[in-house]
Amino acid sequence: MTTSTAALDRPATGARVRVTRSRRPRPFLGLVALAAVAVLAAMPALVGAGITAKLVDGFILLTLASMWNLLAGYAGLVSVGQQTFIGLGSYVVLVLAQWGLQPYLALPLAAVVCAALALPVSWLLFRLRGGYFAIATWVVADAVLLVVSHFPSLGGGTGAILPGIAGIAPLTRLAWTYWSALAVAVAALGVTYLLLRGRLGLVLTAVRDDEIGARSVGARVGWAKRIVFLVAAAGCGAAGGLLILSQLNVQAPSVFSVEWSAKMIFVTIIGGIGTLEGPIVGTIVFVLLQELLAGFGAWYFIALGTVAVVIALWSPRGLWGFVADRVHLRPFPIGYWLWVDDDTGAGAGRAEKGVE
């Protein structure tokens with residue numbers, strides 16, 4: 001949350017008060033976002049298969065980071081076990097494909113199933129707080145890994161091949177996977193944006209700032225957290241389904257690896273936790289660093305860690321938070337700005353307080 005303290009006094013008598021979503025409203029930014037999505041949708045026809053495959057990986061990472069940001073940045077649920085739903089999403093697509101359903105049609109069902117499975121898991125995890133909650137999410141992920149590995153029909157611990165996709169031409173399959181990944185990433189950002197602009201967003205803002213205070217004024221904190229947890233599970237499940245569609249196979253130790261949580265946290269922190277734009281910026285930075293440093297072996301991980309530490313110390317709100325605090329630009333405004341317009345014209349349009 002950023003708060004402008006230019007003037008916190010009570011507005012003068014006769015002053016008119018108005019509320020806006022952004023300090024500098026820019027309606028054209030919505031058109032820019034739509035144009036960007038249209039350009040991205042045309043990418044398979046404009047670039048080669050190698051770049052298209054990398055973009056698929058980027059969209060998957062963006063989806064995961066957006067879901068983790070929703071959990072930790074807005075609901076205060078710091079999870080290191082979201083790989084539970086990544087793995088479940090992959091295996092739901094696998095099972096439905098084994099039953100004869102076209103794998104791409106199984107993708108939305110994977111998200112729904114993961115959200116449904118997250119409900120009983122939430123009743124267990126929400127009894128814990130802070131670090132206990134974080135560790136418990138990791139324990140759940142490892143427990144699910146052990147269960148899945150005991151089913152021979154799912155490949156056990158060695159993995160399984162995705163059926164029902166061999167008859168599709170490689171370039172066609174890559175294009176379908178790309179468009180599916182783009183659709184999932186846009187849906188993740190869109191759903192997050194709509195949730196945070198509504199009543200749920202106000203409750204989450206209160207919870208993030210002071211959970212005890214939010215409960216004391218009657219906010220339905222448990223309900224808000226559970227909705228966020230289910231949405232994040234659905235998003236991670238869809239991302240897991242995309243993984244098996246892009247790799248054509250699934251291995252339990254890989255999809256249930258804690259490395260996925262590490263990537264989500266890294267991307268969100270360097271981009272800007274608690275902002276919708278942060279995961280987008282973080283994903284771009286991560287992909288670029290991956291391309292530039294992947295050939296340096298162990299130094300690649302050292303460089304990523306160094307970047308994360310420097311940004312955390314230099315700009316705790318991430319790269320986007322550093323920029324947004326100075327230019328007051330919000331392509332996805334979800335907060336509020338209070339303005340005071342004096343009848344005399346003096347101080348018209350003066351920002352009294354902003355919550356973003």
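The values are calculated or read from the model by the stated rules, or taken from the named source; none is laboratory data. The model shown is predicted, which means the values in this text are computed figures rather than measured ones. Virtual Cβ from ideal backbone geometry, glycine too; neighbours counted across all protein chains shown.
Computed quantities for the displayed model
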{"item": "Which numbered condition Ala219 misses (of (1) touching a residue at least 40 places away in the same chain (Cβ under 8 Å); (2) of a type in the set (Gly, Ala, Ser); (3) outside any helix (DSSP H, G or I))", "result": "(1)"}
{"item": "Close pairs (9 angstrom Cβ cut-off, 6 or more residues apart or separate chains): of a type outside the set (A, V, I, L, M, F, W, C) and in a helix (DSSP H, G or I) in segment 21-46, surrounded by 13 or more Cβ atoms within 10 Å (Cβ to Cβ) and at pLDDT 90 or above anywhere", "result": "Pro44/Thr52; Pro44/Leu55; Pro44/Leu174; Pro44/Ala175; Pro44/Tyr178; Pro44/Trp179"}
{"item": "All positions within segment 234-244 that are touching a Phe, Trp or Tyr at 6+ places or on another chain (Cβ under 7 Å) and within 18 Å of Gln98 (Cβ to Cβ)", "result": "Gly237, Gly240"}
{"item": "Those residues of segment 264-307 which are within 28 Å of Ala233 (Cα to Cα) and more than 18 Å from the chain's Cα centre (by Cα), in sequence order", "result": "Leu288, Leu289, Gln290, Phe301, Leu304, Gly305"}
{"item": "Number of the condition not met by Gly48 [criteria: (1) closer than 26 Å to Ala239 by Cβ; (2) at pLDDT below 90; (3) in contact with a strand residue (DSSP E or B) (Cβ under 7 Å, 6 or more places away or on another chain)]", "result": "(3)"}
{"item": "Which numbered condition Ala166 fails, given (1) of a type in the set (A, V, I, L, M); (2) in a helix (DSSP H, G or I); (3) under 20 Å from Pro103 (Cβ atoms)", "result": "(2)"}
{"item": "Single unsatisfied condition, Ala214 versus (1) at pLDDT 90 or above; (2) buried (at least 19 other Cβ atoms within 10 Å of the Cβ); (3) of a type in the set (Gly, Ala, Ser)", "result": "(1)"}
{"item": "Selection within segment 121-163 - assigned to a helix (DSSP H, G or I), modelled with pLDDT of 90 or more, under 17 Å from Gly87 (Cα atoms) and not small (Gly, Ala, Ser)", "result": "Val121, Thr137, Trp138, Val139, Val140, Asp142, Val144, Leu145, Leu146, Val147, Val148"}
{"item": "From Thr84, Thr52, residue being more than 19 Å from the chain's Cα centre (by Cα), part of a helix (DSSP H, G or I) and polar (S, T, N, Q)", "result": "Thr52"}
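For (1) of a type in the set (A, V, I, L, M); (2) crowded, with 23+ Cβ neighbours inside 10 Å; (3) within 30 Å of Glu211 (Cα to Cα), each residue gets a yes or a no:
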site	(1), (2), (3)
Phe59	no, yes, no
Ala106	yes, yes, no
Leu124	yes, no, yes
Leu145	yes, no, no
Pro152	no, no, no
Gly155	no, no, no
Leu162	yes, no, no
Ile168	yes, no, no
